[in-house]
Amino acid sequence: MVLFRHAGRLRHMVIRQLHETLARLHEQLASADSLDTAEREGLEQAMKEIQASLAKLGEAPSQREPLPETSATPLDQLKALVGQFEQQHPALSNRLADLAELLHDLGF
């Protein structure tokens, strides 16, 4: 029983960290003048999908819609973005890597 409570608190902490990291990424994105339109749209879409996934964490498993088998998970999308931004936008790339690690910790 104690293990389940500990796991629940740990999951809650990771979710809180994920929300905080997303907020910091939103701030960085708003002030990043060097992003082109496609880069900005790709980041915004990935962040929307992550937020939608977070919202579903509170749903019962039977209420969640499964991802289509061809869909990239939010974690897959972030990993791709990390590589894409690594050279020209290292601060954004680092924040995306943080998000990817948190999503991994949550089992995405």
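Values in this text are rule-based calculations from the coordinates and carry no lab data. On a predicted model such as this, the values are computed, not experimentally measured, just so you know. With ideal geometry, Cβ positions are generated from the backbone for all residues, glycine too; neighbour counts draw on all protein chains shown.
Annotations for the structure displayed:
- Residues 15, 50 in ascending order of nearby Cβ atoms (within 10 Å, fewest first): 15, 50.
- In plain terms, the chain from residue 27 to residue 13 could stretch by 2.9 nm, reckoned as 0.36 nm per residue minus the Cα-Cα distance.
- Distance between the pseudo-spin-label points of residue 44 and residue 88 (7 Å out from Cα toward the beta carbon): 1.7 nm.
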